[in-house]
Amino acid sequence: MASEAFEDIVADFEFLEDWEDRYRYVIDQGKAMAPLDEALKVPATKVDGCASQVWLHPTIEGGVFTFEGESDAMIVNGLIAVLRALYVDLPVEAVGQVDAPAELARLGLNDHLSAQRSNGLRAMIERIRKVSAESL
């Protein structure tokens, strides 16, 4: 079910054996994203449950799901990039079918994120799933 972009991340993670290198890779993924327009950093796009500030701005055009996002924490920005690779450009009805915890477990993130970061990641996934479900 994972996109080619997510599969590329999985392959890169398998190549990088050291977790410090993997963290740097995730951070670099976040740095490569375009910044979120300041006008979109409003309470309606803010994700509750994250230790850092996180904004997600999902859009659905022609039945296809996409989102932009940003965080004030570099690692979280990278996690947003990983989630984008997992969800962006899926048909909106397929978003709820993605087993995000299982896909992310392939990266081993569950064992290497703090409890706060894991909670924030779950909150972002829930926001994505909720928005897509509301549009059906």
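Do you know which residues across the stretch 100-113 are without any contact (Cβ under 8 Å) to a residue 60 or more places away in the chain and not in a loop (DSSP other than H, G, I, E, B)? Steps first, please.
Let us first name the residues in the stretch 100-113 that are without any contact (Cβ under 8 Å) to a residue 60 or more places away in the chain, namely 100-102, 104-105, 109-111, 113.
Scanning the stretch 100-113 gives ALA100, PRO101, ALA102, LEU104, ALA105, LEU109, ASN110, ASP111.
Do we have ALA5 as of a type outside the set (Val, Ile, Thr), in a helix (DSSP H, G or I), more than 19 Å from ARG127 (Cβ to Cβ) and at pLDDT below 95 here? Talk me through it step by step, then tell me what you get.
Working: of a type outside the set (Val, Ile, Thr): yes; in a helix (DSSP H, G or I): yes; more than 19 Å from ARG127 (Cβ to Cβ): yes; at pLDDT below 95: yes.
Criteria met by ALA5.
It is to be established whether one or more residues within the stretch 39-48 are at pLDDT below 95 and in contact with a helix residue (DSSP H, G or I) (Cβ under 7 Å, 6 or more places away or on another chain).
Looking for residues that are at pLDDT below 95 and in contact with a helix residue (DSSP H, G or I) (Cβ under 7 Å, 6 or more places away or on another chain), one finds at least one in the stretch 39-48, hence yes.
Looking at VAL82, VAL76, which one is in a helix (DSSP H, G or I), buried (at least 16 other Cβ atoms within 10 Å of the Cβ), in contact with a Ser or Thr (Cβ under 7 Å, 6 or more places away or on another chain) and at pLDDT 95 or above?
Residue meeting the stated conditions: VAL76.
Examine the stretch 122-133 for a residue that is assigned to a loop (DSSP other than H, G, I, E, B), under 14 Å from the mean Cα position of the chain (by Cα) and either closer than 19 Å to ASP8 by Cβ or at pLDDT 95 or above (or both), and state whether such a residue exists. Walk me through how you get there before you give the answer.
Within the stretch 122-133, the subset assigned to a loop (DSSP other than H, G, I, E, B) is none.
No, because not a single residue in the stretch 122-133 is assigned to a loop (DSSP other than H, G, I, E, B), under 14 Å from the mean Cα position of the chain (by Cα) and either closer than 19 Å to ASP8 by Cβ or at pLDDT 95 or above (or both).
For the stretch 39-73: of the residues being aliphatic (A, V, I, L, M) and in contact (Cβ under 8 Å) with a residue 60 or more places away in the chain, which is surrounded by the fewest Cβ atoms within 10 Å (Cβ to Cβ)?
Quick first cut of the stretch 39-73, residues aliphatic (A, V, I, L, M) only: 39-40, 42, 44, 47, 51, 54, 56, 60, 64, 73.
From the residues that got through so far, the ones that are in contact (Cβ under 8 Å) with a residue 60 or more places away in the chain too are 47, 51, 54, 56, 60.
Values: VAL47: 21, ALA51: 14, VAL54: 26, LEU56: 22, ILE60: 17.
Step by step, filter the stretch 39-73, then rank; the result is ALA51.
Which condition breaks for LEU36 when tested against (1) in contact with a His (Cβ under 8 Å, 6 or more places away or on another chain); (2) without any contact (Cβ under 8 Å) to a residue 24 or more places away in the chain?
(2)
Which numbered condition trips up ALA105, out of (1) farther than 18 Å from SER3 by Cα; (2) surrounded by fewer than 19 Cβ atoms within 10 Å (Cβ to Cβ); (3) modelled with pLDDT under 95?
Of (1) farther than 18 Å from SER3 by Cα; (2) surrounded by fewer than 19 Cβ atoms within 10 Å (Cβ to Cβ); (3) modelled with pLDDT under 95, only one is false for ALA105: (1).
Could you identify the single residue in GLN116, GLN97 that is surrounded by fewer than 21 Cβ atoms within 10 Å (Cβ to Cβ), in contact (Cβ under 8 Å) with a residue 40 or more places away in the chain, part of a helix (DSSP H, G or I) and over 13 Å from the mean Cα position of the chain (by Cα)? Outline the logic, then answer.
On the way: GLN97 fails: part of a helix (DSSP H, G or I).
Unique residue meeting the criteria: GLN116.
The values are calculated or read from the model by the stated rules, or taken from the named source; none is laboratory data. Just so it is clear, the model here is predicted, and its values are computed rather than measured. When we count neighbours, we look across all protein chains shown, and the Cβ atoms used for this are built from the backbone with ideal geometry, even at glycine.
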